[in-house]
Amino acid sequence: MAALSLIASATPALAVTWAHTSSIDTDANNQSLTVSSAGTAAVVSHNSDSVTLFNSTSGALIATVAVGDGPTVASFTRDGSTLAVLNETAQTVSLINVSSHTVASTFNVEEGARSANITPNGKAVYSGNYIDRFINVYSARSGLLIKQIDIGSADNLWVSFGKRGKFAYVSAQGSSEIAVVNVKKKRNIYDIPLTQGSPGISAISPNGRYLAVPLFDEGLGIKVVDLKQKRVAAYFETPGHNPQTVTFSADGDLLYATDSANGTIWTIDMTTLTLADTDIVWAAGLNGLILSADNSFAYLSNSSVNSLWKVTIS
């Protein structure tokens, strides 16, 4: 297993330059930032109970959609037609019709919901919480609870779906592991131990081989899990920092991780599993990053300001 500590004397393999070029105004207190396969991006504004949709290529605003109380995270279906938003304060999920920019339906979720991810085919919503050990599966059509998937002793459950939607990868903070769920059978089939650290919202590499996992609490850092080998392939320790989100480039050669403590972005070379660069790009609160298809620019969200940044990457 490769290991790397990010220290002041570390010499990165290459230099990455992030240049702020423009900004997009949003309502307030930006939370998660996500983009669909069709190129529509969405940023969740927690304090204003809304989601802003924009064109990820041009940056042009599309619409601002009112949702429930205290939205935090959002996810698109594979075709980009539907966006699921967890309204954490209200404990509801809003399903947005992306083409009409309207809320198609809203349904209640179980107490303590912390995540809500729509399956790639749009048929169900998987919701994890911070109270118990279950992933609650809801019908996207009716909003009814159709299954509870037991994730052992874990709590604070975050869900990411694999490339083809056959498997869900659950970051189980309570037991410091990745629980792998068979989506068709709706059950936990095995676990991948992370040894230490509380895993956050993970990201799947474009080829489906790797899962990148940000860690906080004990064992701060980023772990790269080889899903074929079912083990941790690399660990990038980040003492004193707070990895928030992880994002792969379209070709999967690079992995970017944002730090909400001081606005750092780490660039990891996935071809060698080594640190490529580390830069302070924005202020504390940096919590989201999405990339253009050619990796030439990115959008960044920050929970402490009411705008997004567009930055070029060189």
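Pairs of Cα atoms nearer than 8 Å and 6+ residues apart set the relative contact order; for the chain it is 16 percent. Across the range 69-157, the relative contact order, built from alpha-carbon pairs under 8 Å that are at least six residues apart, equals 20 percent. Label separation (K230 vs T17): 4.7 nm, computed from points 7 Å beyond Cα along the C-beta direction.
Backbone amide hydrogens, once placed in the peptide plane, bring S32 within less than 5 Å of V44, excluding anything fewer than 5 places away on its chain. DSSP finds beta bridges in the chain, and of those with both partners inside it, around 95 percent are antiparallel.
What net charge is computed for the residues neighbouring A90, neighbours being all others with C-beta under 15 Å from the C-beta of A90, Lys and Arg scored +1, Asp and Glu -1? After counting each charged neighbour, the total is -4.
Please give me the summed charge of the neighbours of K123: other residues whose Cβ is under 13 Å from its Cβ, Lys and Arg +1, Asp and Glu -1. Provide the component values of the computation, followed by the final result.
On the way: positive: R78, R141, K147, K184, K186; negative: D79.
Result for the local shell: +4.
Checking every one of the trypsin sites (Lys or Arg not before Pro) in the range 219-306 against DSSP loop status and a limit of 14 other Cβ atoms within 10 Å picks out K228, K230.
FYI, it's all coordinate maths here, none of it is from the lab. No experiment lies behind these values; they were computed from the predicted model shown. Because the Cβ atoms are built from the backbone with ideal geometry, glycine has one as well, and the counts that use them run over all protein chains shown.
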